[in-house]
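Written out below as structure tokens is the structure these notes cover.
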There are 4 protein chains.
Amino acid sequence: MASKIIVGVMGPGENATPDENDMAFDLGKAIAQHGWVVLTGGRGFGIMESAMKGAHDANGLTIGVLPNDNERNASDSADIKIMTGMGSARNMINVLSSHIVVVIGMAAGTASEVALAIKANKKVILLHQDEITVRFFKNIGTYKVMIANTVEETIGMIKDYLAVHAAH
Amino acid sequence: MASKIIVGVMGPGENATPDENDMAFDLGKAIAQHGWVVLTGGRGFGIMESAMKGAHDANGLTIGVLPNDNERNASDSADIKIMTGMGSARNMINVLSSHIVVVIGMAAGTASEVALAIKANKKVILLHQDEITVRFFKNIGTYKVMIANTVEETIGMIKDYLAVHAAH
Amino acid sequence: MASKIIVGVMGPGENATPDENDMAFDLGKAIAQHGWVVLTGGRGFGIMESAMKGAHDANGLTIGVLPNDNERNASDSADIKIMTGMGSARNMINVLSSHIVVVIGMAAGTASEVALAIKANKKVILLHQDEITVRFFKNIGTYKVMIANTVEETIGMIKDYLAVHAAH
Amino acid sequence: MASKIIVGVMGPGENATPDENDMAFDLGKAIAQHGWVVLTGGRGFGIMESAMKGAHDANGLTIGVLPNDNERNASDSADIKIMTGMGSARNMINVLSSHIVVVIGMAAGTASEVALAIKANKKVILLHQDEITVRFFKNIGTYKVMIANTVEETIGMIKDYLAVHAAH
């Protein structure tokens, strides 16, 4: 084994749209096909669940960093469950533990993760986001925020980033 | 003594503009004049420092919830220093400990506080914010996000909120 | 106003004995009489509640750092309620925010606070503790752990410590 | 893949003795041989490093939950690095994320983990500990604290525990 590359996939739970969930599944699968680990907020809904199921479809490894202090509300799709008991303050851990963050869909928790990622000097890829969202985060994040419209484009950006920032 | 009403004042540190700092001073002073406590991120810059100095100008009490694990980078304007050692994850504590949150200026850390406040079902008053910021947070926060243009308007909103939600 | 000296008083909740609660009341009162702030875990039971009630008896200020994300289980004796939503991980914040820590009674949460205080290089005064407890914490904390048998002795140790470590 | 069983191995960093490190290596190896994941505090010293190296010797998976906000001080033996940026408050996450906790050696951080585990109703196995330590934690943890003298005994206790508490 060697230290693994972790890609954070962030997005809404219950309020994710079917299209967003499909995109998250495809993204999770593509991440796993490249040998990277999928990290999510670990709940069994929306972008989190879809990305982890996608990763499993390609035999990938998944990590869920949960807001809870026990496994009751954790997704079975999280191979490794990190129980924080910290509520949404765990969003910071999601961001810090990801080598790069991809965001599909938008909600309050997701927005906090984008903002915390920018604050922590992480690269964030906004995948298929609306114009207001893009303009807001570009205003506060400038070059740390990248814009992608497809899973392929996203994977390309991750590869480029890792080529420069991760020595493996 | 009795349990105190805490108003969170959030905003950028080093990058706050002079106008934003002036508004934060006036807001901090007005909060103190109403007998409420000013809570900030506790650092000696920008909105945090200005709001606490304003509170002191009216003999108010100030709390700083710091990202650090020791007092070295804390502002002397924080009467009570809560040392978290959690970095930006302390933003969640700022939000949870405030009965209502007011935001002046915008930066990554500030954006995370607005998003976490919405997620935690707190009311957030966006004071004198640009259109993109207002539209973004209205999209994710709907009725939890209120818009004000002056300190007087802000104080009125806080009073209305407390009249309904705080039993004194 | 000026930056306040905070003395943490830690100890069991529901399982504190009547004698321990009496001692916590006297300690909280003596702390307030010296102009220091009493910080506790903020719940309405045992050592926490008793120390805060003692502080109020001398018109002192009290801070409760709560494990919860809302005020429902907070003590009314906490003038300032810091809501962490982090469960027992908030014990670290209790310790970091206290200039010095006094411990009355013993339980699992209390033991974690003593250990975290030692780890964070804080001075801890074990007040009226049994021999096993004293020997265990002396083994891991050496000079950081002080032993007192009375409230008076404890106050003397706090004064000596502050004379050296706090410039006021 | 399926949800993995995580065994936490806690103990001192720099101050672990050679005998304690040897025992941690053997324990990590035995844990991996049973298909369980080794979770530690993730630093490249003492019990943490030894247990992860032991797990690797049997091709096991290792998780390090780090106090830092970046990988600079993380051990290369941690396959998955969870960066918390929370300092010793991360000890709570170590405990909550472990199905069962084993402790080798003793220091302040380690003691906080035992105490937090008891508080969180986790089972803790004290492996080869001195009498004072055993008596102290038995006093506050009663039946949640188990005593083992060898790695074999420890593995037996983990098996018994999982047979009852984990459905796999």
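Here are some notes:
- Being farther than 25 Å from C:GLY87 by Cβ, touching a helix residue (DSSP H, G or I) at 6+ places or on another chain (Cβ under 7 Å), touching a residue at least 40 places away in the same chain (Cβ under 8 Å) and part of a helix (DSSP H, G or I) is a property that A:MET23 has.
- Residue match in the stretch B:108-116 (condition: in contact (Cβ under 8 Å) with a residue 12 or more places away in the chain and more than 10 Å from chain A (Cβ to nearest Cβ)): no
- The listed residues are B:GLU20, B:GLU14, and the only one of them that is acidic (Asp, Glu) and either within 11 Å of chain C (Cβ to nearest Cβ) or in contact with a Pro (Cβ under 9 Å, 6 or more places away or on another chain) (or both) turns out to be B:GLU20.
- Qualifying positions in the stretch A:76-95 - away from chain B (no Cβ under 14 Å) and over 16 Å from the mean Cα position of the chain (by Cα): A:ASP76, A:MET83
- Scanning the stretch A:12-24 for residues that are surrounded by 21 or more Cβ atoms within 10 Å (Cβ to Cβ) and farther than 15 Å from A:ASN149 by Cα yields A:PRO12, A:ALA16.
- D:VAL101 fulfils the conditions (1) more than 30 Å from B:MET86 (Cα to Cα); (2) touching a residue at least 60 places away in the same chain (Cβ under 8 Å) except for a single criterion, (1).
- Meets criteria (under 14 Å from the mean Cα position of the chain (by Cα), in a helix (DSSP H, G or I) and surrounded by fewer than 21 Cβ atoms within 10 Å (Cβ to Cβ)) for C:GLU49: no
- Taken over the stretch D:117-133, the criterion of being of a type in the set (A, V, I, L, M) and either facing another protein chain (nearest Cβ under 10 Å) or out of contact with any strand residue (DSSP E or B) (no Cβ under 9 Å at 6 or more places or on another chain) (or both) is satisfied by D:ALA117, D:ILE118, D:ALA120, D:ILE132.
- Taken as a whole, the condition of being surrounded by fewer than 19 Cβ atoms within 10 Å (Cβ to Cβ), among the basic types (Lys, Arg) and more than 20 Å from D:HIS99 (Cβ to Cβ) applies to D:ARG72.
- Exactly one residue among A:GLY64, A:GLY156, A:GLY85, A:GLY141 is small (Gly, Ala, Ser) and in contact with an Asp or Glu (Cβ under 7 Å, 6 or more places away or on another chain), and that residue is A:GLY85.
- Counted residues, the stretch D:134-155 - those being surrounded by 13 or more Cβ atoms within 10 Å (Cβ to Cβ) and either away from every other protein chain (no Cβ under 14 Å) or touching a residue at least 24 places away in the same chain (Cβ under 8 Å) (or both): 12
- Scanning the stretch A:26-46 for residues that are within 12 Å of chain D (Cβ to nearest Cβ) and part of a strand (DSSP E or B) turns up A:VAL37, A:VAL38, A:LEU39.
- Output for the stretch D:50-74, where each listed residue is more than 9 Å from every other protein chain (Cβ to nearest Cβ) and at pLDDT below 95: D:ARG72, D:ASN73
- Test: D:LYS159 is touching a residue at least 40 places away in the same chain (Cβ under 8 Å) and more than 17 Å from A:ILE93 (Cβ to Cβ): yes
The values are calculated or read from the model by the stated rules, or taken from the named source; none is laboratory data. Predicted model only: the values in this text are computed from it and were never measured. Counting neighbours? That spans all protein chains shown, and the Cβs are built from the backbone with ideal geometry, glycine included.
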